[in-house]
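Working notes, structure below.
We did not get these values from a lab; they are worked out from the coordinates using the rules stated. These numbers come from a predicted model, not from an experiment. Every residue, glycine among them, receives a Cβ derived from its backbone with ideal geometry; neighbour counts consider all protein chains shown.
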Amino acid sequence: MSYMNTLKSNIKYSSSKLVGELTRKNLKIATAESCTGGLLSKYITDVPGSSLVFECGICSYSNHIKEKILGVKAETLKKYTAVSAQVAKEMAHGVRILAKSDIAISTTGYAGPKSSNPNEKVGLVFICIESENLSKIIKLDLHRNINNEREYIRNMTVNKAIIHLMNILANNI
C-alpha cells in the first residue's frame, strides 16, 4: 500500500473515532477550510451518523469569502496574509459563531505547487481549533518535495487537525 493510501486509511479511521467521540460527548462541530478545500468536511461526513455532530463546512478559498462569510477582518488579511495564525483563528471563530457549534476547526496554508508569498514556502499550514474556552493554533511545515505533494499536504493537514482535536477531546474539552 502506498504512503498516500495509508494516510487516507488512517484519516478514515480517525474520522470515525472523532465522530464517535463527538457523539458520545454530545458536541457539534463546524469547519472553515481554505487549503484543504472541504477535505476535512468530506472525511467527517463520510462517517455514518456524522449528521448528529456536523453542523457545517465552509470552503473559504478566497479572501472575499473569508471576510464576508466568516468575518475575518480585512486588516488581519492585509497585515498577516491569508496564511497566518491570526487568520486561522478568525476563521475558526467565525464558523463556530455562524454554525453555533461547540467546536470549530479551520485550515489555511500553501498546498502548492507554489506559494503566493515569496517569503513563505509550500507546506506552511495553520490549523485552529476553537471552542468557547479554547483557541489552539497548530503551525505545520509539511513541505516534502515529493510526487503528489499537494495531495500529501492537504491530506496530512486533515490528519493533523483530527489528531489534535482528538487529543483535546481526550482532555475533556
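The table below lists the values:
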{"quantity": "Counted residues, segment 52-65 - those being surrounded by fewer than 15 Cβ atoms within 10 Å (Cβ to Cβ) and part of a helix (DSSP H, G or I)", "calculated": "2"}
{"quantity": "Filtered residues of segment 15-51 (kept if surrounded by 21 or more Cβ atoms within 10 Å (Cβ to Cβ), part of a helix (DSSP H, G or I) and either among the small types (Gly, Ala, Ser) or touching a helix residue (DSSP H, G or I) at 6+ places or on another chain (Cβ under 6 Å) (or both))", "calculated": "SER15, LEU18, VAL19, LEU39, LEU40, SER41, TYR43, ILE44"}
{"quantity": "Subset of segment 80-109 that is within 24 Å of LEU142 (Cβ to Cβ) and of a type in the set (D, E, K, R) - its residue that is surrounded by the fewest Cβ atoms within 10 Å (Cβ to Cβ)", "calculated": "LYS89"}
{"quantity": "Filtered residue count, segment 110-155, keeping only those that are more than 24 Å from GLY71 (Cβ to Cβ), exposed (fewer than 14 other Cβ atoms within 10 Å of the Cβ) and of a type in the set (A, V, I, L, M)", "calculated": "1"}
{"quantity": "Flag if SER51 is of a type in the set (Ser, Thr, Tyr), without any contact (Cβ under 8 Å) to a residue 24 or more places away in the chain and on the phi < 0 side of the Ramachandran plot", "calculated": "yes"}
{"quantity": "Top-ranked residue of segment 66-79 - restricted to ones that are under 16 Å from the mean Cα position of the chain (by Cα) and among the hydrophobic types (A, V, I, L, M, F, W, C), ranked as surrounded by the fewest Cβ atoms within 10 Å (Cβ to Cβ)", "calculated": "LEU70"}
{"quantity": "Residues of segment 68-98 satisfying the condition of being part of a helix (DSSP H, G or I), in contact with a Phe, Trp or Tyr (Cβ under 7 Å, 6 or more places away or on another chain) and of a type in the set (A, V, I, L, M)", "calculated": "ALA85, VAL87, ALA88"}
{"quantity": "Sole residue being among the polar types (S, T, N, Q) and within 23 Å of ARG150 (Cα to Cα), chosen from SER34, SER50", "calculated": "SER34"}
